[in-house]
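Step one of this worksheet: look at the structure below.
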Number of protein chains: 2
Amino acid sequence: MKIEILTTGDELMSGLTQDGNFQWAGETLTWLGFDVAYHTTVGDNKEILKSVFNTAKNRADAVIVTGGLGPTPDDLTIEAVSNFLNVGVELSEPALEMMTERFRKIGRKVSDTNMKQVYLPEGSKVLLNKWGTAPGFSYEVENTVFFFLPGVPKEFRAMMEEYVIPELKNKNPHMKKSCQRLVKTFGLPESEVAQKLYGIERAHVKLGYRAHFREIHLRVSSSGDSFAEADALMDEFLKEIHARLGKYVFTTEGEMLEEVVGNLLTLNNMTLATAESCTGGLLSHRITNVPGSSTYFLEGIISYSNEAKSQILGVPMELIESHGAVSAPVVEAMAKGVRSISDSDMGIGISGIAGPGGGTPEKPVGTVFIGLDSGTKGAISREFHFHGTREEIKLVTVLNALDMIRQSLLNNV
Amino acid sequence: MKIEILTTGDELMSGLTQDGNFQWAGETLTWLGFDVAYHTTVGDNKEILKSVFNTAKNRADAVIVTGGLGPTPDDLTIEAVSNFLNVGVELSEPALEMMTERFRKIGRKVSDTNMKQVYLPEGSKVLLNKWGTAPGFSYEVENTVFFFLPGVPKEFRAMMEEYVIPELKNKNPHMKKSCQRLVKTFGLPESEVAQKLYGIERAHVKLGYRAHFREIHLRVSSSGDSFAEADALMDEFLKEIHARLGKYVFTTEGEMLEEVVGNLLTLNNMTLATAESCTGGLLSHRITNVPGSSTYFLEGIISYSNEAKSQILGVPMELIESHGAVSAPVVEAMAKGVRSISDSDMGIGISGIAGPGGGTPEKPVGTVFIGLDSGTKGAISREFHFHGTREEIKLVTVLNALDMIRQSLLNNV
């Protein structure tokens, strides 16, 4: 079964938006074992849409179309589909009901512009959208099934998982059973991960690498005649990955680093407080993205100025003057200070130069110190020299801070 | 003249690599005023390549193909082109010469596998590659010109600029000149923006909508016989957008909301400090993403616990007990408190319930208060009721906080 993914929108053609939906769908479907044979992108143009629907119908068995279902004049998918199929549109009562209910909750009425979204091509099957406003729909024509989904990534993904993937699986009952896992590592470059895993390949297991900023993710897929067979293969393979990569693996379940840290803090019944300078709140933001983080995250201080470091965190001004704000003694004092004022079990202090300004020959842009204080063990710190843009330096600093907390909780440091 | 961009490679279809070449070419060509009408991606498969060359020939006037020119077995472009055109291959002497010279410099000899790269389809015109190994080529068939370029981004871009763009311009001596702008709005849903702009369309101006989370972005493109004409049309159109959307427009230059806020603070020579609860540092993170923000951003307090709100920010415990931590008096006191301890001109306080836990019947998940204190004007606050996931509630809260700062600096509140 050949699949075509058709993404639409002027903003894609003009390069203003990156086509994340195609990338996600290509990855997801390929790893499930489907044959994603064609991908087409076109702008908001009715005639062109019509012509690519036709091309797709003639070469693919399933076509997934995204975008153009919104309420504005450049949302042309429904009209183009009607033209292509030579049918009119009809009101989808369940779609209108869902939209009315959704709008009622936020105190709005369904406007005339929104009404256009619930008139779907005659003969189509509505795909209700529980994650946003625009309903989707599917249509079967000459043995090719078309799925029309909204372009908003969150809605697109949810509807792929709820409707499209199950239906594609139904149409392929004899496909091998497969098992997927997302292993994430931090602390090694891709080439070293690949070296450590050299020769690990085996039959019925696929391994794909992807650099996700400074994390290296390993997409693992195993297949067999039954789920049990695929699962057993997977377990064995993950054991071998653990044996080779050790502490660099932070999850085999696809979790974010901050979730792993949160689970470890909860498990150890410990609390955390942060004192950030160059990361400007990003560490706290990442930590507090995790639901329930208020049980272990007590407070954060973003001490951008030296005055804040001294007055709020109690870092002695002499220490800042003699070593500089970006130094091991200062981040250790920041970690101790925030632990003390918040009465937390663990404190972390970060100071560095994120750039593009502020660098000196001794401490160039990218110089970062991270300090960690967990009471009885005393304070420790590490010095880093990062490269990249301001946002990249902030992000890599936060990843290292999270990993220092993780390694400390695992007693690796 | 309709252009098709055809990117090839299994790594694109399986989502392992993001298609940066298409995004770059789409943006570059659109900006120059070309009509990028189709984009296709396919994997390394000779038959499929042949079929999409044919589809492209029938619908486009110029086709830019990237990838598949390397020396390995999965590089199939030359073979697929020969099949498609039904011609053999012939040695390109200039390409061989350049490759030999390139390899000589790094002490290597041209190997048999590399030789395959310099045998090009008969009748094609070589496009010498000064930036890498694989030569490109062009071919004209039935009034459609094909350009075949390497997939390595650096080489692709350089060869686009050296060969393809000049030739496309030659083929379009009378092309219109065009001007693009990215207008961003905040505070209105997409349907209301569309309603306010109803009927604004005019000749030679294209308007596209894009929902970027809760911001609505408007992509505007104008064209004329000269750049001056396109610019004048654009100015007039932007004036009309301003007249209709007023304070909801925060930039016509594509800036982020935090950049606009940073510019306004700098212009007014004012400083800012933040006290965040439910947003957990995201507001400070966004503000400090802007280079140079240390001149106006003094410090941030993430007071997740009531103790932090009281001890660090000086919010009276009685206030928290009588009104609750999520209330107008508390966020106003937080704003005042952080302004006072940091000695900044403006303080902002945020408290809310980001969920998924922590909601009550009186204050359900999504209830958020934002307070703003700018000294002489006194403290103000606003109450919000948001919907969405934890991360969405954090983000929409931050956007509203940034916009409150912006409106305050513009004296709109």
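Laboratory data are not the source of any read-out in this text; all were calculated from the coordinates shown. Model, not experiment: these values are computed from the prediction. Reconstructed Cβ throughout: ideal geometry from the backbone, glycine too, with neighbour counts over all protein chains shown.
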Rounded to the nearest 20 debye, dipole of the protein assembly as shown from Cβ charges on Lys, Arg, Asp, Glu: 220
Rounded D (µm²/s) - the protein assembly as shown, Kirkwood Rh over Cα pairs, Stokes-Einstein at 4 °C, 1.567 mPa s: 44
Which listed pairs, of A:Lys394/B:Lys309; A:Lys109/B:Lys377; A:Lys363/B:Lys130, have C-alpha distances above 31 Å, in listed order: A:Lys109/B:Lys377; A:Lys363/B:Lys130
Helix axis angle, A:328-342 relative to chain A longest principal axis, alpha carbon, degrees: 80
Taking chain A and dividing mean pair separation by its residue count, relative contact order in percent (alpha carbons under 8 Å, at least six apart): 10
Folded to 0 to 90 degrees: helix B:227-245 orientation relative to chain B principal axis, Cα: 30
Computed label-point distance, nm, for sites B:Glu321 and A:Phe384 using a 7 Å Cα→Cβ extension: 4.3
From phi via Karplus (6.51, -1.76, 1.60), per-residue ³J(HN,Hα) for the stretch A:88-104 in Hz, x at Gly/Pro: x, 10, 9, 5, 8, 4, x, 5, 5, 4, 5, 5, 4, 5, 4, 5, 4
Average partner coverage of A:295-301, which counts Cβ from other chains inside 10 Å: 6
Label point 7 Å beyond Cα along the C-beta direction, distances from A:Gln407 to other copies (nm, shortest first): 4.7
Rounded, prolate or oblate (a/c below 1.5 giving rounded, otherwise prolate when a/b exceeds b/c) for the stretch A:245-284 by Cα gyration tensor: oblate
Nonlocal amide H pairs with A:Val141, under 5 Å, H built at 1.01 Å: A:Phe146
Mean separation of Cα contacts under 8 Å, 6 or more apart, over the residue count of the stretch B:257-409: relative contact order %: 25
Label distances, nm, B:Pro364 versus same residue in remaining copies, Cβ-directed 7 Å point: 5.5
Helix-only mean residue ellipticity at 222 nm for the protein assembly as shown, each DSSP H run of n ≥ 4 adding -39500 (n - 2.57), per residue, nearest 500: -11500 deg cm²/dmol
Listed peptides B:226-236, B:142-152, B:45-55 by packing density, highest first (mean Cβ within 10 Å): B:142-152, B:45-55, B:226-236
Rounded to the nearest 20 debye, dipole of the stretch A:238-351 from Cβ charges on Lys, Arg, Asp, Glu: 260
Three-way shape label, the stretch B:58-148, alpha-carbon gyration tensor, a/c 1.5: prolate
20 °C / 1.002 mPa s Stokes-Einstein diffusion coefficient of the stretch B:110-220, Kirkwood radius on C-alpha pairs, µm²/s: 118
Residues B:Ser303, B:Ser310, B:Ser293, sorted so that the one with the fewest Cβ neighbours within 10 Å comes first: B:Ser310, B:Ser293, B:Ser303
Between the stretch B:177-215 and the stretch B:234-266, the alpha-carbon center distance in angstrom: 12
Hits among aspartates and glutamates - C-alpha to C-alpha of A:Lys50 under 14 Å, sequence gap 8 or more where chains match: A:Asp75, A:Glu79
Ranked by how many other beta carbons lie within 10 Å on average, peptides A:129-138, A:269-278, B:70-79 from highest: A:269-278, A:129-138, B:70-79
Residue mean of other protein chain beta carbons inside 10 Å, B:192-199: 3
Shape box of chain A [Cα atoms, principal axes, largest first, Å]: 79, 54, 42
Shielding by partners, peptide B:40-48 (average Cβ within 10 angstrom, other chains): 4
For the stretch A:104-135 and the stretch B:25-62, distance of Cα centres in Å: 33
From phi via Karplus (6.51, -1.76, 1.60), per-residue ³J(HN,Hα) for the stretch B:179-189 in Hz, x at Gly/Pro: 9, 10, 9, 10, 9, 10, 10, 9, x, 10, x
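Given R₀ = 41 Å, FRET efficiency for A:Arg210-B:Leu32 by Cβ-Cβ distance, to 0.05?
Result of the calculation: an efficiency of 0.80.
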Exam field: B:Glu140 pseudo-label spacings to other copies (7 Å along Cα-Cβ), nanometres: 4.9
Set of lysines with alpha-carbon distance to A:Lys196 below 19 Å, sequence-local pairs under 8 removed: A:Lys184, A:Lys206, A:Lys239, A:Lys247
Normalised contact order of the stretch A:50-157, rounded percent, pairs of Cα under 8 Å and 6 or more residues apart: 34
Net charge dipole size for the stretch B:177-251 [Lys, Arg +1 and Asp, Glu -1 on Cβ; Debye, nearest 20]: 280
